[in-house]
Amino acid sequence: MPEFLDVDPAELYLPPSRRQGADPGKLARQISRHGSSLDGMPPLEVIRGKDGHYRINDGVTRATRAAKLCPGELVPAEVIQNLPNLSECDPRETGEGLSTMKNQERSELLTAIEQLCERYPHWRLGQLIANVAGWADQEIWDVEDQQLLAAARLHLSQLTPREALGPGRTSR
(Lines give C-alpha, C1' and ligand atoms only; values in the text may rest on other atoms or scores of the structure.)
Protein backbone atom coordinates (compact mmCIF):
# COMPACT_ATOMS: atom_id res chain seq x y z
CA MET A 1 0.00 0.00 0.00
CA PRO A 2 1.50 3.37 -1.02
CA GLU A 3 2.54 5.74 1.75
CA PHE A 4 2.01 9.46 1.10
CA LEU A 5 3.17 12.30 3.30
CA ASP A 6 3.79 16.04 3.15
CA VAL A 7 7.44 17.13 3.23
CA ASP A 8 9.47 20.34 3.19
CA PRO A 9 11.42 20.02 -0.08
CA ALA A 10 14.34 22.02 1.35
CA GLU A 11 14.93 19.24 3.88
CA LEU A 12 15.19 16.45 1.32
CA TYR A 13 18.45 14.89 0.23
CA LEU A 14 19.59 14.68 -3.36
CA PRO A 15 20.17 11.33 -5.06
CA PRO A 16 23.75 10.40 -5.98
CA SER A 17 22.99 10.96 -9.66
CA ARG A 18 21.85 14.55 -9.03
CA ARG A 19 24.39 15.82 -6.47
CA GLN A 20 24.50 19.18 -8.25
CA GLY A 21 20.73 19.52 -8.09
CA ALA A 22 18.15 20.41 -10.67
CA ASP A 23 18.98 20.86 -14.33
CA PRO A 24 18.97 24.66 -14.85
CA GLY A 25 17.14 24.50 -18.19
CA LYS A 26 14.45 22.18 -16.90
CA LEU A 27 14.03 24.34 -13.77
CA ALA A 28 13.62 27.47 -15.92
CA ARG A 29 10.99 25.72 -18.07
CA GLN A 30 9.05 24.62 -14.99
CA ILE A 31 9.19 28.10 -13.48
CA SER A 32 7.98 29.67 -16.75
CA ARG A 33 5.09 27.16 -16.98
CA HIS A 34 4.01 26.95 -13.35
CA GLY A 35 5.62 29.88 -11.51
CA SER A 36 5.26 29.43 -7.76
CA SER A 37 2.03 27.46 -8.08
CA LEU A 38 2.19 23.97 -6.62
CA ASP A 39 -1.39 23.15 -7.65
CA GLY A 40 -1.55 19.82 -9.46
CA MET A 41 2.13 19.06 -8.92
CA PRO A 42 2.62 15.27 -8.93
CA PRO A 43 3.96 13.82 -5.67
CA LEU A 44 7.72 13.55 -5.34
CA GLU A 45 9.03 9.99 -5.02
CA VAL A 46 11.28 9.59 -1.99
CA ILE A 47 13.24 6.87 -0.21
CA ARG A 48 13.15 6.81 3.59
CA GLY A 49 16.62 6.30 5.00
CA LYS A 50 18.26 6.12 8.40
CA ASP A 51 16.95 8.47 11.09
CA GLY A 52 13.90 9.38 9.00
CA HIS A 53 15.85 11.26 6.31
CA TYR A 54 14.27 11.28 2.88
CA ARG A 55 16.16 11.11 -0.42
CA ILE A 56 14.48 12.19 -3.65
CA ASN A 57 14.14 9.39 -6.15
CA ASP A 58 12.08 11.35 -8.69
CA GLY A 59 11.24 15.05 -8.67
CA VAL A 60 14.48 16.96 -8.00
CA THR A 61 13.44 19.81 -10.29
CA ARG A 62 9.93 20.04 -8.80
CA ALA A 63 11.38 19.97 -5.28
CA THR A 64 13.88 22.70 -6.17
CA ARG A 65 11.18 24.93 -7.64
CA ALA A 66 9.02 24.48 -4.55
CA ALA A 67 11.93 25.05 -2.14
CA LYS A 68 13.09 28.21 -3.92
CA LEU A 69 9.74 29.81 -4.76
CA CYS A 70 7.60 28.61 -1.83
CA PRO A 71 10.02 28.24 1.12
CA GLY A 72 8.55 26.35 4.05
CA GLU A 73 5.55 25.10 2.08
CA LEU A 74 4.99 21.35 2.31
CA VAL A 75 4.59 19.27 -0.85
CA PRO A 76 3.19 15.75 -1.35
CA ALA A 77 5.61 12.84 -1.54
CA GLU A 78 5.23 9.11 -1.93
CA VAL A 79 7.61 6.87 0.01
CA ILE A 80 8.55 4.23 -2.55
CA GLN A 81 11.11 2.37 -0.46
CA ASN A 82 12.43 2.08 3.09
CA LEU A 83 16.20 1.63 3.41
CA PRO A 84 16.88 1.75 7.16
CA ASN A 85 20.67 1.46 6.62
CA LEU A 86 20.81 4.37 4.19
CA SER A 87 22.58 7.12 6.13
CA GLU A 88 22.74 10.73 5.06
CA CYS A 89 22.17 10.73 1.39
CA ASP A 90 24.41 13.53 0.13
CA PRO A 91 27.56 15.36 1.18
CA ARG A 92 25.93 18.64 2.13
CA GLU A 93 26.07 20.02 5.62
CA THR A 94 22.98 19.43 7.75
CA GLY A 95 20.34 22.09 7.22
CA GLU A 96 21.63 23.39 3.88
CA GLY A 97 18.92 21.61 1.89
CA LEU A 98 18.56 22.26 -1.81
CA SER A 99 20.12 25.72 -1.51
CA THR A 100 23.60 24.20 -1.95
CA MET A 101 23.09 23.55 -5.65
CA LYS A 102 25.68 25.19 -7.89
CA ASN A 103 23.71 25.30 -11.11
CA GLN A 104 25.51 28.26 -12.69
CA GLU A 105 28.93 26.69 -12.21
CA ARG A 106 27.68 23.37 -13.59
CA SER A 107 26.22 25.11 -16.64
CA GLU A 108 29.50 26.94 -17.30
CA LEU A 109 31.46 23.68 -16.98
CA LEU A 110 29.16 21.90 -19.42
CA THR A 111 29.54 24.78 -21.89
CA ALA A 112 33.33 24.49 -21.66
CA ILE A 113 33.10 20.70 -22.10
CA GLU A 114 30.93 21.26 -25.18
CA GLN A 115 33.57 23.60 -26.64
CA LEU A 116 36.26 21.02 -25.97
CA CYS A 117 34.13 18.31 -27.63
CA GLU A 118 33.94 20.49 -30.74
CA ARG A 119 37.73 20.99 -30.65
CA TYR A 120 38.49 17.30 -30.05
CA PRO A 121 35.65 15.38 -31.75
CA HIS A 122 37.74 12.20 -31.93
CA TRP A 123 37.99 11.98 -28.12
CA ARG A 124 35.45 9.92 -26.19
CA LEU A 125 33.62 11.91 -23.50
CA GLY A 126 35.22 9.93 -20.67
CA GLN A 127 38.63 10.49 -22.25
CA LEU A 128 37.95 14.23 -22.50
CA ILE A 129 36.91 14.48 -18.84
CA ALA A 130 39.96 12.46 -17.76
CA ASN A 131 42.21 14.76 -19.79
CA VAL A 132 40.67 17.89 -18.28
CA ALA A 133 41.16 16.40 -14.80
CA GLY A 134 44.80 15.81 -15.75
CA TRP A 135 45.14 19.43 -16.89
CA ALA A 136 43.86 20.37 -13.40
CA ASP A 137 46.57 18.07 -11.96
CA GLN A 138 43.90 16.00 -10.20
CA GLU A 139 42.76 12.39 -10.30
CA ILE A 140 39.41 12.08 -12.02
CA TRP A 141 37.63 10.86 -8.86
CA ASP A 142 39.02 13.74 -6.75
CA VAL A 143 38.62 16.72 -9.08
CA GLU A 144 36.05 19.36 -8.15
CA ASP A 145 33.81 21.03 -10.72
CA GLN A 146 35.51 24.41 -10.25
CA GLN A 147 38.92 22.79 -10.90
CA LEU A 148 37.62 21.20 -14.10
CA LEU A 149 36.13 24.52 -15.19
CA ALA A 150 39.37 26.44 -14.51
CA ALA A 151 41.47 23.85 -16.39
CA ALA A 152 39.08 23.76 -19.36
CA ARG A 153 38.95 27.56 -19.57
CA LEU A 154 42.74 27.82 -19.38
CA HIS A 155 43.16 25.24 -22.14
CA LEU A 156 40.59 26.94 -24.36
CA SER A 157 42.22 30.35 -23.81
CA GLN A 158 45.60 28.99 -24.90
CA LEU A 159 44.37 27.66 -28.25
CA THR A 160 45.29 29.68 -31.32
CA PRO A 161 42.27 31.01 -33.23
CA ARG A 162 42.69 28.29 -35.90
CA GLU A 163 42.98 25.55 -33.22
CA ALA A 164 39.90 26.85 -31.44
CA LEU A 165 37.83 26.30 -34.60
CA GLY A 166 38.63 22.59 -34.54
CA PRO A 167 40.16 20.31 -37.15
CA GLY A 168 39.33 21.05 -40.77
CA ARG A 169 37.42 24.27 -40.00
CA THR A 170 38.27 27.73 -41.28
CA SER A 171 36.96 31.15 -40.38
CA ARG A 172 34.93 33.13 -42.93
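Which ones in the stretch 130-150 are in a helix (DSSP H, G or I) and within 23 Å of ARG18 (Cβ to Cβ)? Explain how you work it out, then say what you get.
Quick first cut of the stretch 130-150, residues in a helix (DSSP H, G or I) only: 130-135, 145-150.
Answer for the stretch 130-150, where residues must be in a helix (DSSP H, G or I) and within 23 Å of ARG18 (Cβ to Cβ): ALA130, VAL132, ALA133, ASP145, GLN146, GLN147, LEU148, LEU149.
Can we say ARG33 is assigned to a strand (DSSP E or B) and among the charged types (D, E, K, R)?
Details: assigned to a strand (DSSP E or B): no; among the charged types (D, E, K, R): yes.
Here the answer is no, as ARG33 does not meet what is asked.
Restricting to the stretch 14-46, count the residues that are modelled with pLDDT of 90 or more and closer than 15 Å to LEU86 by Cα.
Within the stretch 14-46, residues that are modelled with pLDDT of 90 or more and closer than 15 Å to LEU86 by Cα number 1.
For the stretch 37-83, please list each of the strands (runs of 3 or more DSSP E) lying entirely inside it that holds at least 1 residues being closer than 10 Å to LEU12 by Cβ and either of a type in the set (Gly, Ala, Ser) or not assigned by TED's automatic domain parsing to the domain that holds GLY21 (or both). Please lay out each step first, then the result.
Details: elements: 44-48, 54-58, 75-82.
In the stretch 37-83, 75-82 are the strands (runs of 3 or more DSSP E) which contain 1 or more residues that are closer than 10 Å to LEU12 by Cβ and either of a type in the set (Gly, Ala, Ser) or not assigned by TED's automatic domain parsing to the domain that holds GLY21 (or both).
Out of the residues in the stretch 1-29 that are among the aliphatic types (A, V, I, L, M) and assigned to a loop (DSSP other than H, G, I, E, B), state the one that is surrounded by the most Cβ atoms within 10 Å (Cβ to Cβ). Give the derivation first.
The first filter runs over the stretch 1-29 and keeps only residues among the aliphatic types (A, V, I, L, M), leaving 1, 5, 7, 10, 12, 14, 22, 27-28.
So of that shortlist, the ones also assigned to a loop (DSSP other than H, G, I, E, B) come out as 1, 12, 14, 22.
Working: MET1: 2, LEU12: 26, LEU14: 23, ALA22: 23.
So, considering only residues that are among the aliphatic types (A, V, I, L, M) and assigned to a loop (DSSP other than H, G, I, E, B), the one surrounded by the most Cβ atoms within 10 Å (Cβ to Cβ) is LEU12.
Please work out which residue is surrounded by the most Cβ atoms within 10 Å (Cβ to Cβ), limiting yourself to the stretch 86-111 and to residues that are modelled with pLDDT of 80 or more and of a type outside the set (A, V, I, L, M, F, W, C).
Taking the stretch 86-111 and keeping what is modelled with pLDDT of 80 or more, we get 107-111.
Of the ones still in play, those that are also of a type outside the set (A, V, I, L, M, F, W, C) are 107-108, 111.
Details: SER107: 14, GLU108: 16, THR111: 12.
Among them, the one singled out is GLU108.
The values are calculated or read from the model by the stated rules, or taken from the named source; none is laboratory data. It should be emphasised that the depicted structure is a prediction, and the values quoted were computed from it without experimental measurement. No Cβ is skipped: glycine too gets one built from the backbone with ideal geometry, and neighbour counts run over all protein chains shown.
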